[in-house]
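S.K.: Please see the structure below; I have some questions.
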Amino acid sequence: MNSFIRRIFPALLSYAASGGSLIAANLAQLLTFAILARALGADEFGYYIIILAITAVGTHICGLGATECLVRRVAKDRSIYSIMLGHNLSLITASGAALIAVGMAVLPFFLTVSDNYLINSVSIFLLLVTNIVLVRLILLAEQIFIAHSDFKRANQAVLGFAFARTATALIAYFIFDMSTLPEWAIWQFGAHVIILIVYFKNVLKLGKPTFRILGSEIKQGLYFSSQFVFISLKQNADLLIISLIMPPTIVGTYGIVRRLVDSSRLSLEALNRLTYPKLVHKSLSGLDAVLKLSKKLLVINIFIAVITAIGIYIFAPYLPLLFGTDYQDLVSFTRILCWLTVLMALWAPPLELLGAIGQHKARSIIFNSVNITAIGMLALGSWINAPYGTFTALYLIDLTLICAAWFGIFITLKGNQSRTLPHHLS
């Protein structure tokens, strides 16, 4: 028994650190939003939310998914790090410039954050650069540490980024009386530049970049990044549709519950974030080794998800004490949707396995097809009987993803029985 505890204790500590960092970062983000909502006022904060929604998609496109191949390949061969770093920086620069050019050609004509045309254009430009390019570069630092199995510094990067943004909002609002979106655009840009300099000062100690683009990895990266583009589109579809047909109280309540459910899934994301490099390592030993580890992770995922869902269900009656009594349906909505975390525990492990063995085409087909379908399902369910039709659609989407993910595993493993796993490094 003692030997068993000694064996799993380091893993438990790593998971606690990984999960704690993600949860703390999420709480810091909520606090930042609360400060900005108070500082900017309803109208300008609304513009900021619109820009965030647009740039969230752009952030996933920026870099064309190159961070995944960095983690996958550096986890197997540290000597390739400089090339993979240069590959990432090259793609982030090129794709980021293209995305900002498109944004500047469109957004200034639809969003007015200042009556002065020059201030309006500069503000939108700074928001695009910050939320697309600088955020992608800062997130790259975390992935670099993960690729080197340095989870302590990866967790510090997550926490540092979140707390720095919160501190920036606190200083800008309470000390310098920041009250407009153009002012926040400057504050946010400056803070992100400082964070980036600090992070990359540490990253470059691991090796300087060799600037080149690996053509063989671009397709894999596109498969990977496209999944998150469609996820981002899906995540905003239900809120948009409900806001068109339901009163503000219901929209606000649903928005809170969505945030809670998304936060609860961090317990699983923390585990998958921690174990993905280990799956990649195990895949080098063949299918049997990686399948054995994947089965263990599936059991752990389910256990964590069930405990998390039960905890939220029990805690739900106390939520009005935090968010106020105006949200009359907060408890019932939370208790309906908290079990979505359990469904994620059933579809996340097979998709992580597909990524670890380099089957990103299959993984992207599964993710993208389900998420494209999800937008239609959310629209139909919400239109027929919001919000309960929306709830039904959310469960059907996750059930569909479970079936598709396991079917993808079955087809992929069946096809790989007679050949080795695809681990070429060219």
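S.K.: Look at GLY86 and say whether it is small (Gly, Ala, Ser), over 26 Å from TRP187 (Cβ atoms) and within 15 Å of the chain's Cα centre (by Cα).
M.R.: For GLY86, the condition - small (Gly, Ala, Ser), over 26 Å from TRP187 (Cβ atoms) and within 15 Å of the chain's Cα centre (by Cα) - is not met.
S.K.: Of all residues in the stretch 199-218, which are surrounded by 14 or more Cβ atoms within 10 Å (Cβ to Cβ) and assigned to a helix (DSSP H, G or I)?
M.R.: Listed by number, the residues that qualify are TYR199, PHE200, ASN202, VAL203, LEU206, GLU217, ILE218.
S.K.: If you don't mind, another one. Given the condition within 19 Å of the chain's Cα centre (by Cα) and at pLDDT 90 or above, answer yes or no: does some residue in the stretch 211-228 qualify?
M.R.: No, the conditions are met nowhere in the stretch 211-228.
S.K.: Can you find, within the stretch 132-160, the residue that is nearest to the chain's Cα centre (by Cα) among those that are of a type in the set (S, T, N, Q) and in a helix (DSSP H, G or I)?
M.R.: Among residues in the stretch 132-160 that are of a type in the set (S, T, N, Q) and in a helix (DSSP H, G or I), the one nearest to the chain's Cα centre (by Cα) is GLN143.
S.K.: Right, next: Among the numbered conditions (1) of a type outside the set (Val, Ile, Thr); (2) part of a helix (DSSP H, G or I); (3) within 23 Å of THR180 (Cα to Cα), tell me where ASP115 comes up short.
M.R.: Tallying (1) of a type outside the set (Val, Ile, Thr); (2) part of a helix (DSSP H, G or I); (3) within 23 Å of THR180 (Cα to Cα), ASP115 fails exactly one: (2).
S.K.: Another question, then. Does the stretch 275-289 hold any residues that are of a type in the set (A, V, I, L, M, F, W, C), surrounded by fewer than 21 Cβ atoms within 10 Å (Cβ to Cβ) and in a helix (DSSP H, G or I), and which are they?
M.R.: The answer is LEU287, ALA289.
Here is a yes/no grid of residues against (1) assigned to a helix (DSSP H, G or I); (2) surrounded by fewer than 22 Cβ atoms within 10 Å (Cβ to Cβ); (3) in contact with a Ser or Thr (Cβ under 9 Å, 6 or more places away or on another chain); (4) not assigned by TED's automatic domain parsing to the domain that holds ASN202:
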| residue | (1), (2), (3), (4) |
| --- | --- |
| ALA75 | yes, yes, yes, no |
| ASN88 | yes, no, yes, no |
| ALA94 | yes, yes, no, no |
| MET104 | yes, yes, yes, no |
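S.K.: Among ILE132, ILE144, which is in contact with a Ser or Thr (Cβ under 8 Å, 6 or more places away or on another chain), among the β-branched types (Val, Ile, Thr) and surrounded by 22 or more Cβ atoms within 10 Å (Cβ to Cβ)?
M.R.: It is ILE132.
S.K.: While we're looking at this one, here's another question. Just checking, how many residues over the stretch 316-327 are at pLDDT 85 or above and surrounded by 13 or more Cβ atoms within 10 Å (Cβ to Cβ)?
M.R.: 1
S.K.: Is there any pair linking a residue in the stretch 212-232 that is farther than 17 Å from LEU140 by Cβ to one that is β-branched (Val, Ile, Thr) and outside any loop (DSSP other than H, G, I, E, B), with Cβ under 7 Å and at least six apart or on different chains, and which?
M.R.: Close Cβ pairs (under 7 Å, with a partner that is β-branched (Val, Ile, Thr) and outside any loop (DSSP other than H, G, I, E, B)) amount to VAL229/VAL57; VAL229/ILE61; PHE230/ILE372; SER232/VAL57.
S.K.: Now, a different point. Residues being among the aromatic types (Phe, Trp, Tyr), surrounded by fewer than 14 Cβ atoms within 10 Å (Cβ to Cβ) and part of a helix (DSSP H, G or I): count how many of those fall in the stretch 169-189.
M.R.: Summing the residues that are among the aromatic types (Phe, Trp, Tyr), surrounded by fewer than 14 Cβ atoms within 10 Å (Cβ to Cβ) and part of a helix (DSSP H, G or I) in the stretch 169-189 gives 1.
The values are calculated or read from the model by the stated rules, or taken from the named source; none is laboratory data. Everything quoted here is computed from the prediction, not taken from an experiment. So basically every Cβ, Gly included, is an ideal-geometry build from the backbone, and we count neighbours across all protein chains shown.
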